[in-house]
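Novice: Below you will find the structure I want to go over with you.
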Amino acid sequence: MQYDQTMDAKDTFMRTALFRDLGGESLARLAEGSRRLEVARGEHLFLEGDEGRDIFVLAEGGIRLYKLAEDGQETTVKLVEPFEAFAEIAFFDDGRYPVSAVATKYSVVQAVSGTAFQALLGDRVFRGEFISTLIGRIRYLSQRIHYLTAYDVEQRFFRFLYEQCGASDTCKLEIPKKEIAAAIGTVPETLSRLILRLRERGDIEWKGSRIRVRDGLWEEQGYPRGGGAE
């Protein structure tokens, strides 16, 4: 069977939050205007300050977005997961990438050129669908800001556990700690300090991928037994 790159790209865009609410015709046009890039581990897609020529969607692998301080220290801004769009801000800001992007492993991305994207925005149907998607994303970000400001990191950690495993005494998380940190809106170093503090208090035991929660803790946190994940 011959490999159909356009269909593969369309499937990737359909699974990406920024584009998945577009209609079938708009998705097809987006896929036709994209190209597939393979990126080796450690290879950069772009550097901070480069001209923003493309919008990217990660189809496979992992991409780290970071900023470089004057002293040469790198600060990770985001770890991009498969089916996430990134670098789109360059088209709505000053036209330059505000961060650098490097592959953390072998990765495949779909790149949509700025020229192709601008042409698509000239189409009334595509423009209307895309604006609707952006409004939905703004609504999500507003909810995310509320989540980050209304709960401290410990509350967000237990909320995350509850969403994953419910009010269970034992939770199995086969997720890297850096991803857990990103999910609760913090950095791995802060998560490590939190875990140490919770262990010292006797609130949790963490061995391998299994977390055991102290008896009575869920009730103290205000979570009902039997709720949360299935």
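What follows is calculated from the coordinates using simple rules that are stated; it is not laboratory data. Note that this is a predicted model, so its numbers are computed, not measured. A quick note on method: Cβ atoms are made from the backbone with ideal geometry, for glycine too, and the neighbour counts reach across all protein chains shown.
Novice: Tell me which GluC sites (Glu not before Pro) from the stretch 173-225 have a DSSP coil assignment and no more than 12 other beta carbons within 10 Å of their own.
Specialist: Of the GluC sites (Glu not before Pro), the ones in loops of the stretch 173-225 whose Cβ has at most 12 other Cβ atoms within 10 Å are Glu174.
Novice: To continue, here is another question. Label 7 Å along Cα→Cβ of Glu74; the stretch 96-118 residues with amide nitrogen under 15 Å?
Specialist: Answer for the stretch 96-118: 99-107.
Novice: Using DSSP H assignments, which helices in the chain have an axial alpha-carbon span of 27 Å or above and a mean Kyte-Doolittle hydropathy of -0.5 or higher?
Specialist: Numbers: long enough: 124-150 (39 Å, 0.07).
Both cut-offs are met by 124-150.
Novice: I would also like to ask the following. Using the alpha-carbon centroid of each, what span in Å lies between the stretch 75-91 and the stretch 157-230?
Specialist: With the stretch 75-91 and the stretch 157-230 each reduced to a Cα centre, they are spaced 26 Å.
Novice: Once the Cβ-Cβ distance between Glu205 and Arg20 is put in as r, and R0 is 35 Å, what FRET efficiency do you end up with, to the nearest 0.05?
Specialist: For R0 = 35 Å, the calculated efficiency reads 0.35.
Novice: Mean projection of the alpha-carbon convex hull of the stretch 1-112 over all orientations, in nm²?
Specialist: 7.4
Novice: Where the Cα atoms of the stretch 122-189 are projected onto their three principal axes, how long is each span, largest first, in whole Å?
Specialist: For the stretch 122-189, the Cα spread along each principal axis is 53, 25, 24 Å.
Novice: Now a separate question. Please list the equivalent ellipsoid semi-axes of the stretch 151-221, computed as the square roots of five times the alpha-carbon gyration tensor eigenvalues, in descending order and whole angstrom.
Specialist: That gives 17, 13, 13 Å for the three semi-axes.
Novice: If a paramagnetic tag sat 7 Å from the Cα of Leu121 along the Cα-Cβ line, which residues of the stretch 48-64 would have the backbone N under 15 Å from that point?
Specialist: 52-56
Novice: I want the local charge near Glu43. Using Cβ-Cβ distances under 13 Å, sum +1 for each Lys or Arg and -1 for each Asp or Glu among the other residues.
Specialist: +2
Novice: Give the residue list of chymotrypsin sites (Phe, Trp or Tyr not before Pro) in the stretch 35-124 that are DSSP loop and have at most 12 other beta-carbon atoms within 10 angstrom.
Specialist: Filter output for the stretch 35-124: Phe92.
Novice: Sequence neighbours fewer than 8 away in the same chain don't count; with that in mind, list the aspartates and glutamates whose C-alpha is under 18 Å from Lys172.
Specialist: Glu163, Asp203, Glu205, Asp215, Glu230
Novice: Give the cross-link partners of Lys67 among the lysines, using a straight C-alpha distance below 26 Å as the criterion and excluding same-chain residues fewer than 8 apart.
Specialist: Candidates past the 8-residue exclusion: Lys78, Lys105, Lys177, Lys178.
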